[in-house]
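Everything below concerns the one structure shown next.
No lab work stands behind these numbers, since they all come straight from the coordinates. This structure is a prediction, so every number in the text was calculated from the model and none was measured. Note: ideal-geometry Cβ built from the backbone for every residue, glycine included; neighbour counts use all protein chains shown.
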Amino acid sequence: MWHLTLNRRERLTHDRNGFSEKSRTQLKRSGILKMAITGAETMVDEDHGEPFVLRATKIAAVVALYWFISITMVFLNSYLLDNKDLNAPLFVTFYQCLVSVGLCGLMQLLSMIKPDFVNVPAVNFQLKTSREVLPLSIVFIGMITFNNLCLKYVGVAFYTIGRSLSTVFNVLLSFIILKQSTSLQALVCCGIILGGFWLGVDQEGLAGSLSWSGVFFGVLASACVSLNAIYTKKVMPAVDGSIWKLSYYNNINACLLFIPLILVFGELGQLSRFNRLTDLKFWGMMTVGGVFGFAIGYVTGLQIKFTSPLTHNVSGTAKACAQTVIAVVYNSSSKSFLWWTSNMMVLGGSSAYTWVKSREMQKTTRKAPQEPDKEKLLQGEKGDAGV
């Protein structure tokens, strides 16, 4: 019996090691870009033999790249949306989606020419799949549109506060739609975020710079971010679980849906009166904004690859803090102690929520394998008793 048990363990160990080696080989072939655009959260560590200094330098470079692209994208969008001569936020967002579609096509072309450098799945557009993804695309349009409108009315300095309720909506909508409960610790973190949000709104109002339109759009954007995560899970089977395909269909649907919205809200008239339609600098800035919007997915995956999902969230929180400080310094603004306190409450509550959820996921992961093992052990005992 012991001999049989040892043989089983040896086979299991051999299978696991074989799977691990196979996984490493596949991940090395696919590279970082595939991980970033297919939605993988972690990759096998390939740098065990590297000196600490070299690995630390790589991590610092990747985090710096993520910060640069993310912060630049926010400031660039703020610049484009704050254009006094062109009040057409829907058109700006539409053009960025159009650039993303073009870059998706370019990536597929590069994948065929240089498969060792770029490895993405080929996507043949199908109307049935497009219809299945449509509900998510509607939420996606709301998310990016309200996000840009919030940025247009509140500016970069208050942007972190204005868009801070995504975590709260995530908990609320997960309970209403998915019937998922939330721990007391996570609810306390949400309470801190809510407190920071209201304090920030209050301080912005006292300073005389509050835009209720910006706050309203920020709240809607936060709700759409949470809905986007929920609907993404629902439509994943339609695209075979591929984030790359989902992004492709999402952006195509968004481009088509934006056209009637641009007409209904009269932005076509705004464009016809805009005197910089032939200005290459304007279109260059618009295109760069679209490229940065597309690139954020790549650098997000890159940062997760070199650190971890938890570290990525902490880095994102610290980036938001730095982004706020840069905006205040750039605009030579004077903010009160309570205004800064509201930002720290939002960022601290978000970081604490990330840590709490990470601990809960680790506990769930540890418990999950034990139950099947226990079931197998009981089955084995019954079998032995029967013999």
Long pairs among 233/363; 128/245; 84/319, criterion Cα-Cα beyond 19 Å: 233/363; 84/319
Residue order, fewest to most beta carbons within 10 Å, for 307, 341: 341, 307
Where Rh is the Kirkwood radius over Cα pairs, Rg/Rh for the stretch 294-358: 1.06
Largest to smallest principal axis extent of the C-alpha atoms in the stretch 114-195, angstrom: 49, 36, 31
Residue-count net charge about residue 352 - beta-carbon cut-off 13 Å; Lys, Arg +1, Asp, Glu -1: +1
FRET efficiency, 1/(1 + (r/R0)^6) with R0 25 Å, evaluated for residue 87 and residue 278 via beta carbons: 0.85
Hydrodynamic radius (Kirkwood) for the stretch 146-194, which is based on Cα pairs only, to one decimal in Å: 12.0
Residue-by-residue Karplus 3J(HN,Hα) for the stretch 190-195, coefficients 6.51, -1.76, 1.60, Hz, glycine and proline x: 5, x, 5, 4, 4, x
log10 of Debye I(q)/I(0), alpha-carbon scatterers only, for the stretch 219-349 at 0.12, 0.18 Å⁻¹: -0.82, -1.34
Summed residue charge, Cβ within 11 Å of residue 177's Cβ, Lys/Arg positive, Asp/Glu negative: +3
Fewest-first sequence of 65, 149, 184 by Cβ atoms within 10 Å of each Cβ: 184, 65, 149
Fewest-first sequence of 273, 131 by Cβ atoms within 10 Å of each Cβ: 273, 131
Overall Cα dimensions of the stretch 191-244, principal axis frame, Å, largest first: 51, 23, 14
